[in-house]
Amino acid sequence: MEDTICAVSTAMGVGAISIIRVSGNDSIKIVNKIFNGIDLQTVDTHTIHYGFIVDNNSKIDEVLVTVMKAPRTYTKEDIIEINCHGGISSTNKVLELLLLNGCRLAEPGEFTKRAFLNGRIDLIEAESVGDLINSETDKKRKLSLNGVTGNISKLINKIRETLLSINANIEVNIDYPEYEDIEVLTNKEIKPKILKVKEDLEKLLKESQNGKIIKNGIDVAIVGKPNVGKSSLLNTLLGNDKAIVTNIAGTTRDIVEGKIILNGIVLNLIDTAGIRDTEDIIEKIGVDKSKKIIEQADLVILVLNYNEKITKKELDLINELKNKNLIVYINKTDLEKQIDVDKIDCKNIVYGNTLNVENLEELKNKIVEIFNLEQIETSDFTYLSNSRQISLVKNAKKSLDNVLLGIENGIEVDMLSIDIKECIDYLGEIIGASYKEELLDEIFKNFCLGK
Amino acid sequence: MFYDVIVVGGGHAGCEAAHATATIGLKTALITANIKNIADMPCNPSIGGTAKGIIVRDIDALGGLMGIVADKSHIQIKMLNNGKGPAVRSLRAQADKITYPKIMLETLKNTKNLTIIEGMVEDIIVENNKVVGIKLEEKIINCSALILTTGTYLKSKILIGNTNKLEGPHGEKRSNHLSDRLKELGFDILRLKTGTPQRIDRNSIDFSKLKEETGDDVYWTFNCENEIYYDKDKQAKCYLVYTNEKTHKIINDNLEKSAMYGGYAEGIGPRYCPSIEDKIVRFKDKERHQLFLEPESLYYDDIYIQGFSTSMPIDVQEKMVHSLEGLENAKILKYAYAIEYDAINPLQLKPSLETKIIENLFTAGQINGTSGYEEAAGQGIIAGINAAKKLKGKEPLILKRNESYIGVLIDDLVTKGTKEPYRMLTSRAEFRLLLRHDNADLRLRKYGYEAGLITKEKYNKLLEKENNINKLLDELKELKITKNNITKNILNIIKDNNFNTSINLYDFLKRPEININLLIDENILEKKYTKEVYDQVEILIKYEGYIKKELKEVEKLLKLESKKIPKDIDYDKIINLASEAKQKLKEIRPLTLAQAARISGVNPADLSILAIYLKKEYGKDEH
């Protein structure tokens, strides 16, 4: 930990100025060695100085150097930021000089890790910083900022305090059993309090689902028989919305065919045709890969042919997807009607013709409706934005279910407090109020370099 | 003159410590200023209470005296929290203040290798940071180990209103030099305060106006062998009294006369037994506070008013007492007083209770900043065991937080320190479901046996019990209840006339309405073990889910506990540690990462830094 670390903290190649950040005990000393200007060891904290970065006597770049001394800095260590003006090659040269003079290249997320380890920020804030850096859309940025300002921490803390006060009351009852002065908590009195907290957690989870959508977008799987028009649907969607990315091989997803933005939310379009070379997707539904795509998708669009009878397999698939967000898109309405619509048990049916762009509006409106995208835009963001936090809240909720089960079974209050404490611990883990070794590496390895 | 071990102070800590070292086989001297005050109870006339009762059980399981002496001398006993879960049940006995010390003294006199000496210790003799003896007023006694259990006698000061006397409880001589000497040796001295309420003449109380509090109608014992020494039908009574508006007005009108509020005291008192003026100031809205009248002894007339401790001057105390219903004409035999005394900072102790500064010097009881007879005795027996282990070159006995309330107590003291007299509470124990009244012997007997305090015969009894518990658990998993052997009675209880399955008794017992006694009564289960075995098995089955949960937490703790911090670690080398954490770690020098985690002021982030440093510096051999 005592190393002085450095990294380019702006995106390489973007913009005219790049900033190199140096943090650690020796940062001032090291930069001073390669800085031609005022003696940085003598300057006040939080001041900016003009000069040159030099290699021996040759000038590398004209720079502004910001000196920020511990502890009032991002990492709570001495930090120097060098604003380089000379483009990529001179920035790289400056970085190299720093490394030669005793700095170590920062690992991804190491600045934020130090900020956390030095008590500058809590875990949620740390995670949000990572999200902020990686955020692609405005909404995402807003979500990340919300985490940074500690909104979630505040909410979680409030819930924890409620539970702590229940447990404190139980404890007092145990330690002073004979004193009538203190309200005696019984199962009957605890129950509504626990139900209320559970409700709060459920609300948070639901809102976090939206947070996840903002952050990761909506995964949309397009399925259907061959020649039903899946590809043309996909192409029309992408074509009309100028695909941002195409053919990105993901690690969890198999293939993302493209992304479009709808009401500021990213839709990750996955064409299952990509994994089905020759055979019918519906026939291959037993195949794990296709199933997995459909399972993991937030939305499935099943494309049917207006001009054909509906098959049993298609009907089975609709039945299987009953509990998922499903849109049945009936394509080729320009042809003669053969399909028996009455057999389709799905409330989201959209008719269309992929050749006709206007019909796509109806499909998009349906997506906006299903995910309430209008509302996401206007509501304020108090969301948990990553899956670690969400799963902890789910665990916390499970603890409360156990409390309620205990109440049903007439378990004594002091036993209930065990599950209440478990819930408090899970929530504490979200805001880093408890120590867990594995946790830290896990979180900080996801960080980008330079923060 | 030479003794292997000298114990200074004959209070509850001293008695246990001296009894332990002597029983283990070390030549022991117990020094007391007044032999009449051996095992004295200067405050409340009770042993046990929530959490404290379990400490007494733990002391007994280890082979200590407090439990058995309380069993032989109490005049009333009850199980507190009996309506709650098994984890929080705890015994409290009204101990007779004449009989308890008398039986303790007899027991000590009959303990082999133990000599009781009357005298005041003037000095501790230390050579090369190792204790070698003590100086009494007239002679020097040498020793290999010294255990200080001086209670409240270090520079004690008795406060009543604005008057104070430089003496210990009962007007005994205080120790004037010892705390100065300890300071000289490098100890950080704390000034603490505690108090005790009035004693009232039994004959002057109108009991007809008061509510009776009786003992339980079943037999209970602190001792693990379940030997009964009392008649449950002949227990003494306690009584309930309440403060009222009048009482509160008297107190509020006279607040500035109280030693505490008038600024006449400097010591820090316990939050957990506040004086009555504290309670009235802090809880303004409370219309009344509950008080208990407890008889001190069958042999004299003093009644103790539990909950009425105060440092008001005596004229105000008269008015306060007389404002209580039933006590209008009460005669005060002893006025309430506050007492201030010196204690050492327990952060200067190792978990073995040996001091960090002076080798072979151990301390136990109130000198370590605790309050309560049970807390003192619990430390006393551990100090005794560890002094003996030290002299024999063995590893100390350090009870873990998941093993005993005594472990929790000592760990809290040496890890967190204390600013006020430390009282044990169930909420201080994170694994209280494992630290039950009913399983003290199963948790701790083995340590008592290993230390040499429990005889082979007693230990074998425990092994047999353990064995029977396991046998019964196995049997219950084998035996089944089916539609063929289920009885009408049970069908009625489970309200299921179509009982058609076959289920083993183990799972059947998990139903809230079923218990082992019922199965025995209905001849589904044969009775062949002791009641304790059945009780134990029932708890293990009924609360299995919760117990498993705590065991999982224990596992996490033990994992952290296994991460030892090297003794020679240089915290100054860990640059990124927050300065508060660094200072605390340097002071306390925790033995493990788990202990470090419990230090207040060391937050999770500091712990991470420490863990990362340990991994980096000592990675290969420690992790």
Please determine whether any residue of segment B:218-239 is within 13 Å of chain A (Cβ to nearest Cβ) and touching a Gly at 6+ places or on another chain (Cβ under 7 Å). no
Just for segment B:596-610: of the residues that are more than 7 Å from chain A (Cβ to nearest Cβ) and under 27 Å from the mean Cα position of the chain (by Cα), which one is farthest from B:Ala581 (Cα to Cα)? B:Arg598
Considering only segment B:349-398, how many residues are part of a helix (DSSP H, G or I) and among the charged types (D, E, K, R)? 4
Does A:Gly432 qualify as being away from chain B (no Cβ under 12 Å), over 17 Å from the mean Cα position of the chain (by Cα), at pLDDT below 80 and more than 21 Å from A:Ile213 (Cα to Cα)? no
Note on segment A:328-348: residues in contact with a strand residue (DSSP E or B) (Cβ under 8 Å, 6 or more places away or on another chain) and in a helix (DSSP H, G or I) are A:Val341
Please enumerate the residues belonging to segment A:181-192 that are assigned to a helix (DSSP H, G or I) and of a type in the set (Asp, Glu). A:Glu189
So A:Glu374 clears everything in (1) assigned to a helix (DSSP H, G or I); (2) within 12 Å of another protein chain (Cβ to nearest Cβ); (3) at pLDDT below 75 except one condition, right? Which one? (2)
Report yes if B:Pro512 is outside any helix (DSSP H, G or I) and within 28 Å of the chain's Cα centre (by Cα), otherwise no. no
How many residues are within 30 Å of B:Ile588 (Cα to Cα) and among the aliphatic types (A, V, I, L, M) if we restrict to segment B:317-366? 10
Unmet requirement for B:Gly11, which otherwise passes all of (1) in contact with a Leu (Cβ under 9 Å, 6 or more places away or on another chain); (2) modelled with pLDDT of 95 or more; (3) over 22 Å from B:Tyr230 (Cβ atoms); (4) buried (at least 24 other Cβ atoms within 10 Å of the Cβ): (1)
Just give me the residues in segment B:573-602 being surrounded by fewer than 19 Cβ atoms within 10 Å (Cβ to Cβ), at pLDDT 85 or above and among the β-branched types (Val, Ile, Thr), in sequence order. B:Thr592
Give the residue, chosen from B:Tyr534, B:Tyr546, B:Tyr529, that is within 24 Å of B:Ala87 (Cβ to Cβ), in contact with a helix residue (DSSP H, G or I) (Cβ under 8 Å, 6 or more places away or on another chain) and within 14 Å of chain A (Cβ to nearest Cβ). B:Tyr546
Search segment A:218-255 for residues being under 18 Å from the mean Cα position of the chain (by Cα) and modelled with pLDDT under 75, and hand back the single one that is nearest to A:Leu299 (Cα to Cα). A:Arg253
Of those in segment B:565-574 that are under 15 Å from B:Tyr618 (Cα atoms) and either in a helix (DSSP H, G or I) or among the aliphatic types (A, V, I, L, M) (or both), the residue farthest from the chain's Cα centre (by Cα) is B:Lys573
More than 14 Å from chain A (Cβ to nearest Cβ), touching a residue at least 24 places away in the same chain (Cβ under 8 Å) and of a type in the set (Gly, Ala, Ser) - does that describe any residue in segment B:24-32? yes
Scan (1) over 36 Å from the mean Cα position of the chain (by Cα); (2) under 30 Å from B:Arg598 (Cα atoms); (3) hydroxyl-bearing (Ser, Thr, Tyr) for the single condition B:Ser502 breaks and write down its number. (2)
Condition met for B:Asp535 (in a helix (DSSP H, G or I), charged (D, E, K, R) and touching a Pro at 6+ places or on another chain (Cβ under 9 Å)): yes
Kindly establish whether B:Leu30 is surrounded by fewer than 24 Cβ atoms within 10 Å (Cβ to Cβ), of a type outside the set (Asp, Glu) and modelled with pLDDT of 95 or more. no
Return the residues of segment B:304-320 that are crowded, with 23+ Cβ neighbours inside 10 Å and not small (Gly, Ala, Ser); say none if nothing qualifies. B:Tyr304, B:Ile305, B:Phe308, B:Thr310, B:Met312, B:Gln317, B:Met320
Based on what the data block shows, is B:Ser562 under 30 Å from A:Pro71 (Cα atoms) and either within 14 Å of chain A (Cβ to nearest Cβ) or more than 31 Å from the chain's Cα centre (by Cα) (or both)? no
Can you report the number of residues in segment B:435-455 which are surrounded by fewer than 20 Cβ atoms within 10 Å (Cβ to Cβ) and either within 11 Å of chain A (Cβ to nearest Cβ) or touching a strand residue (DSSP E or B) at 6+ places or on another chain (Cβ under 9 Å) (or both)? 0
Residues of segment B:76-100 being part of a strand (DSSP E or B), among the polar types (S, T, N, Q) and within 12 Å of another protein chain (Cβ to nearest Cβ), in sequence order, are B:Ser90
Residue check, A:Leu384 against (1) modelled with pLDDT of 90 or more; (2) more than 15 Å from A:Leu163 (Cβ to Cβ), all met but one. Which one? (1)
If I ask for residues that are part of a helix (DSSP H, G or I), of a type outside the set (Ser, Thr, Tyr) and within 30 Å of A:Ile310 (Cβ to Cβ), which ones from segment A:193-231 would you list? A:Lys230
Strands (runs of 3 or more DSSP E) (entirely within segment B:1-69) containing at least 3 residues that are aliphatic (A, V, I, L, M): B:2-8, B:28-32
Selection from segment A:45-78 of residues among the acidic types (Asp, Glu) and free of Cβ contacts under 8 Å to residues at least 24 places away in the same chain yields none
Pick out the one residue from B:Ile524, B:Ile486, B:Ile503 that is at pLDDT below 95, of a type in the set (A, V, I, L, M) and under 19 Å from A:Asn409 (Cβ atoms). B:Ile503
Take A:Lys394 and tell me if it is at pLDDT 85 or above, away from chain B (no Cβ under 14 Å) and buried (at least 17 other Cβ atoms within 10 Å of the Cβ). no
Is there any pair with a first residue in segment A:350-364 that is within 11 Å of A:Lys332 (Cβ to Cβ) and a second that is of a type in the set (A, V, I, L, M) and modelled with pLDDT of 80 or more whose Cβ atoms are under 6 Å apart and which are 6 or more apart or on different chains, and what are they? A:Tyr351/A:Ile330; A:Thr354/A:Leu233
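The values are calculated or read from the model by the stated rules, or taken from the named source; none is laboratory data. Quantities reported herein were computed from a predicted structural model and do not represent experimental measurements. Cβ sites come from the backbone with ideal geometry, for glycine too, and all protein chains shown count toward neighbours.
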